[in-house]
1. In the stretch 257-290, how many residues are within 16 Å of the ligand (Cβ to nearest atom) and either part of a loop (DSSP other than H, G, I, E, B) or out of contact with any helix residue (DSSP H, G or I) (no Cβ under 8 Å at 6 or more places or on another chain) (or both)?
2. Hey, can you tell me all the residues within the stretch 2-36 that are small (Gly, Ala, Ser) and in contact with a strand residue (DSSP E or B) (Cβ under 8 Å, 6 or more places away or on another chain)?
3. Only one of 92, 48 is more than 30 Å from residue 286 (Cα to Cα), more than 15 Å from the ligand (Cβ to nearest atom) and over 14 Å from the mean Cα position of the chain (by Cα); which?
4. When the residues of the stretch 121-133 are filtered to those that are in contact with a Lys or Arg (Cβ under 7 Å, 6 or more places away or on another chain) and surrounded by fewer than 16 Cβ atoms within 10 Å (Cβ to Cβ), which remaining residue is nearest to residue 87 (Cα to Cα)?
5. Could you list, in sequence order, all residues of the stretch 257-292 that are touching an Asp or Glu at 6+ places or on another chain (Cβ under 8 Å), of a type outside the set (Gly, Ala, Ser) and buried (at least 19 other Cβ atoms within 10 Å of the Cβ)?
6. Residue 254 - would you say it is surrounded by 14 or more Cβ atoms within 10 Å (Cβ to Cβ), at pLDDT 95 or above and away from the ligand (no atom under 16 Å from the Cβ)?
7. Could you tell me whether the stretch 146-160 includes any residue that is within 16 Å of the ligand (Cβ to nearest atom), more than 30 Å from residue 280 (Cα to Cα) and β-branched (Val, Ile, Thr)?
Amino acid sequence: MTAVCQKTIKSAIGCSGIGLHSGVDINMTLRPAPVGTGIVFTRVDQGNALLPAAHDLVSETQLGTTLRNVDGVNLGTVEHLMAALWGCEIDNLFVDVDGPEVPAMDGSAAPFVFLIECAGIAEQTAPRQALRVCRPVEVVAGEKRITLTPADDFSVDLVIDFDHPVISCQSSCFDGGPFAFKTEISRARTFGFADEVALLHAAGFARGGSLENAVVVVEDRVLNDGGLRYENEFARHKMLDCVGDLYLAGAPLLAHVDAHCPGHQLNNAALRALFASDQNWKLEPIVPAASSWPEMAAGAEA
Ligand SMILES: [Zn+2]
């Protein structure tokens with residue numbers, strides 16, 4: 001049986017940009033990491049505090065996904081980068097950040113995908129592990145609901161239902177392939193409502209938010225000059241968030257995800273419910289997909 005290998009990037013690469021919530025300029029450097037490292041953030045401005053990308057370090061989920069390590073050091077807005085790492089199938093990476101959150105870039109995952117592709121992707125000498133969901137897991141919170149059901153690959157059906165005429169009810173389906181992620185999901189931007197922005201500013205949030213890094217919605221339209229990137233960009237961004245948040249499991253999931261009105265809190269709750277019992281999951285090496293490697297898939301049955 002030939003397993004799929006773990007991956008990192010070929011060489012270090014960096015970017016800089018404003019933090020969506022802090023409004024400060026932040027530099028970020030991605031560096032190759034050895035087999036078995038996982039994704040590890042470093043706050044280089046906080047004594048090189050380490051924050052592994054782990055679901056149980058998620059501390060806040062109100063306006064993004066924030067990690068907090070055992071020493072109380074935070075790093076916010078990790079979800080769009082995590083989605084890009086899922087889409088590029090990166091297992092091991094050091095991410096150095098000199099501020100309180102990952103830079104917003106354009107509010108989507110596409111700039112991070114571009115960055116990773118510019119650095120190049122390097123195969124490593126150990127098998128890649130997937131996290132198989134063995135039993136259905138469901139979290140319900142009022143109208144919101146997320147279920148993970150056992151499957152041999154990763155797919156998500158997602159529905160959002162906003163009481164707003166510009167968004168209203170939208171759905172997005174994703175079959176889990178990296179190419180599909182790049183073309184169908186990665187460019188979907190975060191969004192906000194103009195009347196909420198003033199309230200967020202007053203509360204000290206979204207200080208870096210602008211038409212450069214978010215879709216801004218008013219009563220009857222979006223304010224951004226170019227309009228939307230996808231007809232259902234709002235649902236696709238929620239998909240992006242869901243993919244990124246679930247990659248905090250530490251490995252790609254083998255599951256079908258059904259998400260109704262999900263948010264960062266619900267996504268994280270799904271992982272906490274999954275990991276609540278050892279019976280719910282198991283790690284296993286990923287074997288090449290039958291469609292792309294038929295001869296190896298045949299051998300894998302032996
Ligand atoms: Zn988002």
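The values are calculated or read from the model by the stated rules, or taken from the named source; none is laboratory data. Worth saying up front: this structure is predicted, and the values here are computed from it rather than measured. Positions of Cβ are generated from backbone atoms using ideal geometry, with glycine treated the same way; all protein chains shown enter the neighbour counts.
1. So the answer is 5.
2. Keep residues of the stretch 2-36 that are small (Gly, Ala, Ser), which gives 3, 11-12, 14, 16-17, 19, 22-23, 33, 36.
3, 11, 12, 14, 16, 17, 19, 22, 33, 36, listed by residue number.
3. On the way: 92 fails: more than 30 Å from residue 286 (Cα to Cα).
The match here is 48.
4. Applying the filter and picking the extreme gives 121.
5. Within the stretch 257-292, 257, 262, 264, 267, 268, 271 qualify.
6. Details: surrounded by 14 or more Cβ atoms within 10 Å (Cβ to Cβ): yes; at pLDDT 95 or above: yes; away from the ligand (no atom under 16 Å from the Cβ): yes.
For residue 254, the condition - surrounded by 14 or more Cβ atoms within 10 Å (Cβ to Cβ), at pLDDT 95 or above and away from the ligand (no atom under 16 Å from the Cβ) - is met.
7. no
For (1) closer than 30 Å to residue 254 by Cα; (2) touching a Leu at 6+ places or on another chain (Cβ under 7 Å), each residue gets a yes or a no:
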position	(1), (2)
165	no, no
170	yes, no
176	yes, no
179	yes, no
184	yes, no
196	no, no
200	no, no
206	no, yes
217	no, no
